[in-house]
Amino acid sequence: MTAPARIDLYSDTHTQPSRAMRDAMANAEVGDEQHGADPTTNRLQEMVAELLGKERAMFLPSGAMCNIIAYRVWCQPGDEVVCDKTAHTIHNETGAPAAMAGVMMRTIEGERGMFGADQMREAVRPKRRNVPFSRLLSLENTSNAGGGSVWPVGLVQEVCEAAADEGLKRHMDGARLLNAVVESGTPAVEYAKHLDSTWLDLSKGLGCPIGGVLAGDDDFIERAFRFKHQFGGAMRQSGIVAAAGIYALENNVERLKDDHENARKLARRLAQIPGIAIDASEVETNLVFFDVAGTGKSGAEVSEALLARGVHIGAPGSTRMRAVTHLDISENMIDEAADIIAEVVS
Ligand SMILES: Cc1ncc(COP(=O)(O)O)c(C=O)c1O
């Protein structure tokens, strides 16, 4: 593995904890989290529960664990989770829904990771003895592989109401929920009120080294705690890392708008480079997907050439690339990266 690139646009998970965040971590008051006795973790959980308007929240080591615990709580083995075809839980979580919750994934052909109530209804199975039980609706906001798209809250409401009518629980993968919140101006609680469970990732745009926080009602969190232990996610003096989360919620939320501005700027610059295909108008938050097929090079070749010039951008498809802005990326770096990309693909 290599050291971080000078201009690291690979992912918002590549952020470095700031000096002030590290100070907050070093000074955290700690206790035994497994016994509910870590005051800093408890404080973080209260903050997230309040932010999302839920009864309780639970600190976990990762976002993937937030998803899989929610699936495990809501579903029985053999049940189906209804979600968009691009869902992170399908493609990037090592098959955990099948391995650890025993569920099947029923996919919807959405647009940029989003879909409507009618499509959701069509995906729900008829209640017959010989078919799987549709148990859970799982949305992703922002949608990662959908291009960082923001679900309008009205659409969330429509889809969730339809799911409730069909007897499904509603879960949202909120890895980048606060990006959706600052971009749309919709308070997190307005999204969360349509959901039975949702979570925030601390280790993405918020700049923390570790962690996600899952929220729901009291009964959900109580059941979730059992799986947290079972999956090896119960911790001890977790306040050391929870302190980073508190710092991030107090200091790093509003500034996510800067990341979105930088992403749009990068998209506009990319749109001017011959051979690169991108619809800059679709870039809403901090994820910038583009295609390099027209340059005659593969995504991997472009990625490698960029890395040699100090710019790290991933290639999730053969010619599809993804650049991600975050708090360690300045506007000047965007200009420099765009210049280097233009040179590399020319
Ligand atoms: C949409 C989405 N969900 C879940 C995750 C998993 O989060 P974590 O890396 O904290 O496990 C990610 C990580 O990239 C993601 O983008």
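The values are calculated or read from the model by the stated rules, or taken from the named source; none is laboratory data. Predicted, not measured: the structure shown is a model, and the values here were computed from it. We place every Cβ from the backbone using ideal geometry, glycine too, and count neighbours over all the protein chains shown.
At a glance:
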| quantity | calculated |
| --- | --- |
| Set 216, 239: member being in contact (Cβ under 8 Å) with a residue 60 or more places away in the chain and in contact with a Lys or Arg (Cβ under 8 Å, 6 or more places away or on another chain) | 216 |
| Within the range 226-257, tally of residues that are over 22 Å from the mean Cα position of the chain (by Cα) and either in a loop (DSSP other than H, G, I, E, B) or under 16 Å from residue 65 (Cβ atoms) (or both) | 6 |
| Which listed residue, of 264, 269, is over 24 Å from residue 141 (Cα atoms) and among the basic types (Lys, Arg) | 269 |
| Subset of the range 148-167 (residues that are at positive phi and crowded, with 23+ Cβ neighbours inside 10 Å) | 148 |
| Options 89, 94; residue that is hydroxyl-bearing (Ser, Thr, Tyr) and crowded, with 19+ Cβ neighbours inside 10 Å | 89 |
| Pick from the range 54-64, criterion under 15 Å from the mean Cα position of the chain (by Cα) and buried (at least 24 other Cβ atoms within 10 Å of the Cβ), ranking: nearest to the ligand (Cβ to nearest atom) | 63 |
| Matching residues, the range 269-296, being touching a Phe, Trp or Tyr at 6+ places or on another chain (Cβ under 6 Å), in contact (Cβ under 8 Å) with a residue 40 or more places away in the chain and outside any helix (DSSP H, G or I) | 276 |
| Residue match in the range 100-110 (condition: farther than 30 Å from residue 315 by Cβ, in the same structural domain as residue 53 (by TED's automatic domain parsing) and surrounded by fewer than 19 Cβ atoms within 10 Å (Cβ to Cβ)) | yes |
| Selection status of residue 189, touching a helix residue (DSSP H, G or I) at 6+ places or on another chain (Cβ under 9 Å), more than 15 Å from residue 115 (Cα to Cα) and surrounded by fewer than 23 Cβ atoms within 10 Å (Cβ to Cβ) | yes |
| Of the criteria (1) surrounded by fewer than 20 Cβ atoms within 10 Å (Cβ to Cβ); (2) closer than 19 Å to residue 47 by Cα, which one residue 256 fails | (1) |
| Residue 223 in the same structural domain as residue 70 (by TED's automatic domain parsing), charged (D, E, K, R) and assigned to a loop (DSSP other than H, G, I, E, B) | no |
| Residue pairs meeting the criteria (Cβ under 6 Å; at least 6 apart or on separate chains; first of a type in the set (Asp, Glu), in the range 191-212; second within 13 Å of the ligand (Cβ to nearest atom)) | 201/63; 201/175; 201/212 |
| Residue 296 farther than 23 Å from residue 326 by Cα and in the same structural domain as residue 334 (by TED's automatic domain parsing) | yes |
| So residue 137, is it within 15 Å of the ligand (Cβ to nearest atom), in a strand (DSSP E or B) and outside the structural domain of residue 320 (by TED's automatic domain parsing) | no |
| Test set (1) more than 30 Å from residue 23 (Cα to Cα); (2) more than 18 Å from the chain's Cα centre (by Cα); (3) not basic (Lys, Arg) - residue 316 fails condition number | (2) |
| Hits in the range 1-43 (condition: within 16 Å of the ligand (Cβ to nearest atom), assigned to a loop (DSSP other than H, G, I, E, B) and hydroxyl-bearing (Ser, Thr, Tyr)) | 10, 11, 15 |
